[in-house]
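J.: This is the structure I have questions about; it appears just below.
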C-alpha cells in the first residue's frame, strides 16, 4: 500500500509568497491613499482598486497554470491546512456572507442569526462528518464520490445533475454580487462587468483548475479580510479607543436601543415557518435590532439553520477543496481553520452592520429631512440609502437602505478617505469572486468529468481528461454568466442553491458515510426523492401557489430523502463485498486514497471500472 | 496500518466522537435562539447577553469544538493504528 509523506509535497515557501502578496496589497492601498492626497479622483481610485484586486489575484491564478491531472482536479493534493482553510473560508462565505448577511442584520436585526448560525454550523458539520471521508475516497468531484461509493454510473449521473444545479445557482448569485460591487467601484455597466468577471473567473479556472482557485482563494481571502477589518477597526477606535470591533459594536445596540424604543415601529410577528429575508431593493428600517421572530418564525429558525448547515456541508465545491489537502488529518485541520476564520469574519461583518446602524440612529434619526448629514446625502446619490421625507423629522421607518450596499457604506458614514471606501468594496469583490470561481470550477469539472465523461466505462487519458475539464469550466463560466444576468436577488438565489444541496444531496451523502448497508437503489431513490420534493416545493413557493420560504423546502425534501433511501435499501439486496470494503477503507484515515488507487490500477491494467 | 479487528472498534470510537461533538453543539445552536430575546435584557461586556451568546459565544464554541475534534480524532486514529504516516 503506497503511503504518502505529507511534508514532501507542501511548498515550504508558501508563507513567504503570501507574505509578499499581503505586503503588495498593503503597499498598493498606501499608494492609492497617497494618490488621493495628491488629488487623484474618486472614480479613478475605484477603478485602480478594482484593477489591483483583479490583477493581483489574476497573477496568482496565471502562475498556477498546470498540466497534470492531480494538479488540475485536486490541487496537487498539497494545499497545507492553513491555506486550504483560508481559501475554503472565502469560497463558503463569498459575497453573500460578507455583504448580504450583514445587510440582513442591518435591516432585520437578530433574525439574521439564522444565516450566521447556519453558515458556521455547516462548516462544523462538514469538518466532523463529511470532509475527512470525502478526502479519503479522494474523488475529484462529489458525483465522482457517489460513483465510487456505489459503483454506479446512474447514481453518479443523478447526483451530478443535482450538484450542477446547486453550483450553477450559487455561482450565478456570487457573480452577480461581484458585478454589483464592480459597478460601485468603476461605474461601468452591470452587464459588461458580469461578462468581464465571468471571463476572468472562467479563464483563470481554465488555466489552473482546482489548484488555481485554491491559491487564488487564499489570496482573495487575504484581501477580503484586510478590507473588512480595516474600516471596522478604525470605527471601533473612533468610538471606543479599542481596536476590537467584534467586542465594541455590541454596546451600540444598548445605547441605540433607547432611540429605537422611542420610534413608533409596527409590531410584527412571523408565522411559525415563515422566513422572509429582506430583498435587495431600498427597504425601510422598521424593526428593532434586538427583537427576534418578526421576520423568521419560531419553527423556521431551527429548520432554517439545519437546512443551511446541511446544504453547505453537502456543497459539491467542498469535495474538491477536501481533495486538495495532503491527507485526512490536514483536511480536518483545514476545516478547523475555516471555522475559526469564518467565525472571526462573521463577527467582524456583524460589527460593520452594528456600526452602520449606530450611525443611522444617532446622526440621521431625529434630524430634519432637509438637514441630513453630508454622508447620508452622498449615499442617497449613490443609491445605497434614502430618506422618505425631506420636510419633517426623519424617523427610523423613513430610512431606506439597500441590503447589498449598506455595510459597504460604513466608511462613507465614518468620513474615511475615498481609498478606504473603495478598499471595502474591493474586499467584497474579492470575496464574491472567490466563491464564484470556486463554484464555476466545481460546476465545470462536474460537467466534464461526470456528465460528459461519466458515461464511459473507464476514465479518459490524463491529458484528454484535462482538456475536457478546461472545456467544461469554460462552458460553466458562460452558463453562470448567462444566468447571472437574470439574478435579481443574489441572496435568495444562493439560498436556493444551498437548499437544493440540502434536500437533494446531504441525506444520501450522510447515509453513505454512516450506513454501509445503503444500497445503490436506495441511494438513487433517496437522491431522486429529495431533489424532486425540494425543487417542486421551491417552484410552488416561487410561483406563489404555496406560502413557504425557499429554505423550508429542504426541511421537507431532506427527511423525505432519508426515509425513501432507507425504505428502498431495506427492500433491496445488500451492497457487494467490494463496496463494503470501500466503505471500511474510507473510514480509516491511513493508507492510499481510494480513488488514486483505482486510477493507478486501472491505468496499469487498462481494465474498465464500473464508474 | 490498522488491523482488521481494530477497524470496528476504531469506527465505534469515531462515531461516538462525532456524536459527542455534534449533538451538544447543535443543541446549543437550536435552543439558545429561543431565549436570546429575553436574555437581551441583561448585558455582558456592555453587549446584550442574547446577542453575545448567539454571536460571540456560539462562534467561539464552534471554533473550540472543531479544534477539539481535530485533536481527539487524531488521538483516536493514533490509538488504533489508523493514523496516516508523517
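Bear in mind these aren't lab numbers, they're just calculated from the coordinates by the rules spelled out. Every value quoted in this text rests on a predicted model; they were computed, and no experiment measured them. Using ideal geometry, Cβ is built from the backbone for each residue, glycine included, and neighbour counts are taken over all protein chains shown.
J.: Taking only the C-alpha atoms, wrap a convex hull around region A:87-202 and report its volume per residue in Å³ as a whole number.
T.: Working: hull volume 15.5 nm³, N = 116.
So the per-residue Cα hull volume is 134 Å³.
J.: As a test of the definition: which semi-axes, in Å, follow for region A:415-506 when you take the square root of five times each eigenvalue of its alpha carbon gyration tensor? Largest first, please. Walk me through the numbers before you get to the answer.
T.: Values: eigenvalues 219, 63, 25 Å².
Ellipsoid semi-axes (Å, largest first): 33, 18, 11.
J.: State, as an integer percentage, the relative contact order of region A:530-580 based on alpha-carbon contacts under 8 Å between residues 6 or more apart.
T.: Numbers: 30 pairs, mean separation 20.0, N = 51.
Computed value for region A:530-580: 39 percent relative contact order.
J.: For region A:292-417, state the average projected area of the convex hull of the C-alpha atoms over all orientations, rounded to one decimal in nm².
T.: On the way: hull surface 43.6 nm².
Averaged projected area of region A:292-417's Cα convex hull equals 10.9 nm².
J.: Measure nothing but the geometry: give the 0 to 90° angle between the long axis through the Cα atoms of A:153-186 and the longest principal axis through the Cα atoms of chain A, rounded to 10°.
T.: Result, in degrees: 20.
J.: Of A:229, A:30, A:167, how do they rank once you tally other Cβ atoms within 10 Å and put the fewest first? Before the final figure, lay out each step's value.
T.: Working: A:229 21, A:30 11, A:167 30.
Ranking A:229, A:30, A:167 by Cβ neighbours within 10 Å, fewest first, gives A:30, A:229, A:167.
J.: Okay, moving on. How long are the semi-axes of the equivalent ellipsoid of region A:43-134, taking √(5λ) for every eigenvalue λ of the Cα gyration tensor, in whole Å from largest down?
T.: Working: eigenvalues 166, 128, 11 Å².
Semi-axes (√(5λ), whole Å): 29, 25, 8.
J.: Here is a follow-up. Note down the relative contact order for region A:465-543 as a percent, whole number, built from C-alpha pairs under 8 angstrom at least six residues apart.
T.: Once divided by the residue count of region A:465-543, the mean separation gives 30 percent.
J.: On to the next question. With the radius of gyration and the Kirkwood radius both derived from the Cα set of region A:138-279, what is their ratio Rg to Rh? Walk me through the numbers on the way to the answer.
T.: Numbers: Rg = 22.4 Å, Rh = 20.3 Å.
That ratio equals 1.11.
J.: For chain B, count the residues as N, evaluate 2.2 N^0.38 Å, and divide the Cα radius of gyration by that value, please.
T.: Values: Rg = 18.2 Å, N = 86, 2.2 N^0.38 = 12.0 Å.
Its radius of gyration relative to the 2.2 N^0.38 Å reference: 1.52.
J.: Further question on the same structure: Show log10 I(q)/I(0) for region A:25-72 at q = 0.14, 0.29, 0.30 Å⁻¹, two decimals, from a solvent-free Debye sum over equal Cα scatterers.
T.: With one equal scatterer per Cα and no solvent, log10 I(q)/I(0) is -0.47, -1.03, -1.07.
J.: OK, next. In bins 10 Å wide, starting from 0, what share of all Cα pairs of the protein assembly as shown does each bin hold, as a percent?
T.: 3, 16, 27, 27, 17, 7, 2, 0, 0
J.: Eigenvalues of the Cα gyration tensor times 5, then square-rooted: what semi-axes does that give for region A:512-611, in whole angstrom, largest first? Intermediate values should be presented prior to the final figure.
T.: Values: eigenvalues 252, 50, 33 Å².
Each semi-axis is √(5λ); the values are 35, 16, 13 Å.
J.: Counting other C-beta atoms within 10 Å, which of A:489, A:330 has the fewest, and how do the rest follow?
T.: Values: A:489 19, A:330 25.
Placing the least packed residue first, the sequence is A:489, A:330.
J.: Can I ask one more? Where the Cα atoms of region A:216-362 are projected onto their three principal axes, how long is each span, largest first, in whole Å?
T.: 57, 43, 26
J.: Also, I was wondering about something else. Considering all alpha-carbon pairs of region A:449-587, what whole percent are spaced by more than 25 angstrom?
T.: Working: 4460 of 9591 pairs.
The answer is 47 percent, as a whole percent.
J.: Here's a follow-up. I need two numbers for region A:100-139: Rg to one decimal and Dmax as a whole number, Cα atoms only, in Å.
T.: When restricted to the Cα atoms of region A:100-139, Rg and Dmax are 14.6, 43 Å.
J.: Show me A:575-585, A:505-515, A:332-342, A:446-456 ranked by packing, highest mean number of other Cβ atoms within 10 Å first.
T.: Details: A:575-585: 15.5, A:505-515: 23.7, A:332-342: 26.6, A:446-456: 21.2.
Top of the packing list down: A:332-342, A:505-515, A:446-456, A:575-585.
J.: Kindly express, to the nearest 10 degrees and within the range 0 to 90, the angle between helix A:418-445's C-alpha long axis and the longest C-alpha principal axis of chain A.
T.: With both axes taken from Cα atoms, the answer is about 20 degrees.
J.: Any idea what log10 I(q)/I(0) is at q = 0.12, 0.17, 0.20 Å⁻¹ for region A:493-545, Debye with uniform C-alpha scatterers and no solvent?
T.: Reported log10 I(q)/I(0), two decimals: -0.30, -0.54, -0.68.
J.: If you don't mind, there's one more thing I want to ask. Taking only the alpha-carbon positions of region A:202-262 and ignoring solvent, what does the Debye formula give for the base-10 log of I(q)/I(0) at q = 0.14, 0.24 Å⁻¹?
T.: -0.59, -0.93
J.: On to the next question. Quick one: Cα convex hull volume of region A:321-367, Å³ per residue?
T.: Numbers: hull volume 2.5 nm³, N = 47.
Considering the Cα atoms of region A:321-367, their hull volume per residue is 53 Å³.
J.: Measuring from the lowest to the highest alpha carbon on each principal axis, how far does region A:1-160 reach, largest first, in angstroms?
T.: For region A:1-160, the Cα spread along each principal axis is 65, 45, 27 Å.
J.: Hey, got the Cα dimensions of region A:363-522 along the principal axes, in Å, largest first?
T.: The principal-axis extents, from largest down, are 73, 36, 26 Å.
J.: Considering Cα pairs under 8 angstrom that are at least six residues apart, work out the relative contact order of region A:1-128 and quote it in whole percent. If you can, show how the numbers build up before the last one.
T.: On the way: 24 pairs, mean separation 25.7, N = 128.
Reported as a whole number, the value is 20 percent.
J.: So, one more: Take the Cα atoms of region A:235-298, build their convex hull, and give its volume per residue in Å³.
T.: Details: hull volume 8.0 nm³, N = 64.
Each residue corresponds to 125 Å³ of Cα convex hull volume.
J.: Fewest to most neighbouring Cβ within 10 Å: what's the order for B:83, B:42?
T.: Numbers: B:83 20, B:42 10.
In order of increasing Cβ crowding within 10 Å: B:42, B:83.
J.: With the radius of gyration and the Kirkwood radius both derived from the Cα set of region A:156-201, what is their ratio Rg to Rh? Provide the component values of the computation, followed by the final result.
T.: Values: Rg = 13.4 Å, Rh = 11.5 Å.
Checking Rg against Rh, the ratio lands at 1.17.
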